[in-house]
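Chemist: Just passing along the structure, written as structure tokens.
The values are calculated or read from the model by the stated rules, or taken from the named source; none is laboratory data. From a predicted model like this one, the values you see are computed outputs, not experimental measurements. Note: ideal-geometry Cβ built from the backbone for every residue, glycine included; neighbour counts use all protein chains shown. Ligands, DNA and RNA are excluded from the accessible area calculation, which covers all protein heavy atoms including side chains. Shrake-Rupley method; radii C 1.70, N 1.55, O 1.52, S 1.80 Å.
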Amino acid sequence: MLGKLLKHEWKTVWKVPVLLIVILMITAVLAGLTFALPIWDSEWVGLPLSGMMLILMFYFAMIAVTLGIQIYFAVRYYKNMFTDEGYLTHTLPVTSRQLLLNKTITMSLWNLIAILSVVVSIFVFCSVMILALAPKDSSFARDLMEAVGAWPEALKSPYMDGFEGFCIGILCMILVSAFSGSMMVIGAITLGQMVRRHRILGAIGAYIGFTFVIQIFTTVFLIPMMVKMSTSPYYDNAFEAQSPFPFMTPFYFLVTGVSLVVGIGLYFMSEYLIQHKLELE
């Protein structure tokens, strides 16, 4: 039955996030193409500021898309589970666990797709920008092309020691953050519905509280780890080799571990509240 729920949910929700992702990709292409405009060959004093504003516009577009997708699924979860729609939702021949798993899996997958879309949009933006600048006889274009061509050789330098582990840490953090980010939203809304007269404010307050607690736990574990690493001979050698990755990688694994524990805890809390403390409007 969970499979049928996921299939129906996916068919219902895909249009809005796909539209937002398409808008992001179009923005990436247009932002990259602007570097082909003749203005970049001029001596206009406002060029540095214009370039910065263009990059900021693209940056805010990435934030808007990821935040928009998360808000869309948060509103849908609230309406489906705790408003008048909830009376119909909870009469379906499925368990509360299946309903929660359906929402969690769908939201987590779309969060992951949103994160990957941001990564792809950055690649698209950089690629279009390079192609726009390549025909021009400019030092920036030549330097950029040389940097791209030197990347494979740069991976072999001592400065890149530990880069593979660093990439694995980033990948693990991305995968777990898609789940933990979804559970923070789901957990906050589920806990907020217990505040009968101010459910939305309760959900917002719970989300802020979860974020604050995660920051505290991360800091508590991070400070001793950083002190230990700073006094370790291994990391002394890593710094002598001028590679920052052996120092940075444990941080990402730490964040991944904390996020995973928090996400799992919020899932079981949400499941318990839905099963035993459900309050519909």
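Chemist: What is the spin-label model distance, in nm, from residue 211 to residue 23 if the labels are put 7 Å beyond Cα along the C-beta direction?
Modeler: 2.1
Chemist: Per residue, how much accessible surface does the range 53-129 expose to a 1.4 Å probe? Answer in Å², no decimals.
Modeler: Computed with neighbouring chains in place, this is 48 Å² per residue.
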